[in-house]
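Every number here is computed from the coordinates shown, using simple stated rules; none is lab data. All of these numbers come straight from a predicted model, not from anything done at the bench. For neighbour counting, all protein chains shown are included, and Cβ atoms are generated from backbone atoms with ideal geometry for every residue, glycine included.
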Amino acid sequence: MKNVSSSWLYGLSAGVALFAAGCATEKITVDYVMPARAVTDVSKVNVAAIKVNANVTGNLAGDNKLNAALVKQLLAMRLYKEGYYQVADDIWADRNVANELYKQITSKASGHSYSGFSADEDNRGKVVIDITLDLVLDAKPVKKEMPFTLTTVPYKEKQVKKGEIPVSEPDMKAAVVENVKQEVTIYEVVAKGTLKAKFVGANGEEAPQEYENTFAVTMPEADRFDSAQPSQLKALAAAVTPAVNGIVADISPYKESRELVAIDGGDERVVYLLNAKAFSEVEVVVTKLDMIGKANFADFENLGIAQEAMGDFSGAKDAYAKACKLNPESQSAKDGMKRVQDALSGKKAIKSSGAKENKDTKFSK
């Protein structure tokens, strides 16, 4: 961190007070890469060979082969497209077509690397994710009173010059606002069931690392009601996505977002800067306070939050350690320490897996 003169610090303090006075506490969103909850090595998982057996009933059941394909695509996408194990482009084909295509690709002098990847049953050394979905999926019309705001605006004659065409204009001062309720028909989507996932070793062998978990499948409240009957695939995707995300969190490093807020009890300038999202300036001020012995536990906690927001989890870990030392009873400092330790473990897990960074994936320092 850079040293600053006391005169500069005073000037910063005055400027921030003018800029941020009266600002409410702001939420600071931080993205983390978290380590897998249950499995430490998924390098042998064959994403192309995910097996799904879907048994969906109800008036939105649809074709269970299509249901199985959707669940497979959702999981593959989350693991390899949005996750941290995408190292090459995937081409889906049967063995003969894939082999011919692979020969053509490798025969050319290309600056891009390719590797063969088969979903065949005899793909030795690979682990299959075996999924069973049992789900009742129904949509039923229900009557519901919906609130509306009805605004009636009268018009009045507008004053015009002699010889001009008479016109009228809205009289906003005479507007009448009514709160009304209207009964409408909407569709309530209900989902109830389970999704079970486990690892299966190639050719009946045991998986290198055991994994099995069962997830309850329900319709999230945000997707439960619709103005019209939703499509079968839309309803199924909404219902099973939380369970798919649970599998990803169990077996793969995954992205998690949290909202943090500034800690009261420290230097007001630090809180102002943090709420203004001036994270690097928070570092400067807390460093100066620490040098003259005036930084307390709240200042170091706020420094940790600023460093988390910048992706510097190692620096945040040191800041939270200082906060815990000054105030061992601070639960927020303990929580911050656990967050950054998990984030550092997630980064370590990615490195040890040999995964490469996706173009849309950012690894923190």
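Results, tabulated for the structure shown:
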| item | result |
| --- | --- |
| Hz values of 3J(HN,Hα) by residue in the stretch 311-328 - Karplus curve (6.51, -1.76, 1.60), Gly and Pro given as x | x, 8, 6, 5, x, 5, 4, 5, 5, 5, 4, 5, 5, 5, 5, 6, 9, x |
| Residue-count net charge about GLU145 - beta-carbon cut-off 10 Å; Lys, Arg +1, Asp, Glu -1 | +2 |
| Stretchable slack from LEU66 to VAL167, in nm (0.36 nm times residue separation minus alpha-carbon distance) | 30.3 nm |
| For ASP267, distant residues with modelled amide H under 5 Å away | ASN296, ASP299 |
| FRET efficiency for THR29 and ASN59, using Cβ-Cβ distance with R0 set to 56 Å, rounded to 0.05 | 0.90 |
| Cα gyration tensor, the stretch 178-337 - rounded (a/c under 1.5), prolate or oblate | oblate |
| Residue exposure sequence - ILE50, ILE292, ILE186 - by fewest surrounding Cβ within 10 Å | ILE292, ILE186, ILE50 |
| GluC sites (Glu not before Pro) restricted to DSSP loop in the stretch 149-242 with at most 11 other C-beta within 10 Å | GLU164, GLU205, GLU206, GLU210 |
| Under-5 Å amide H pairs with LYS126, H placed in peptide plane, nonlocal only | ALA202 |
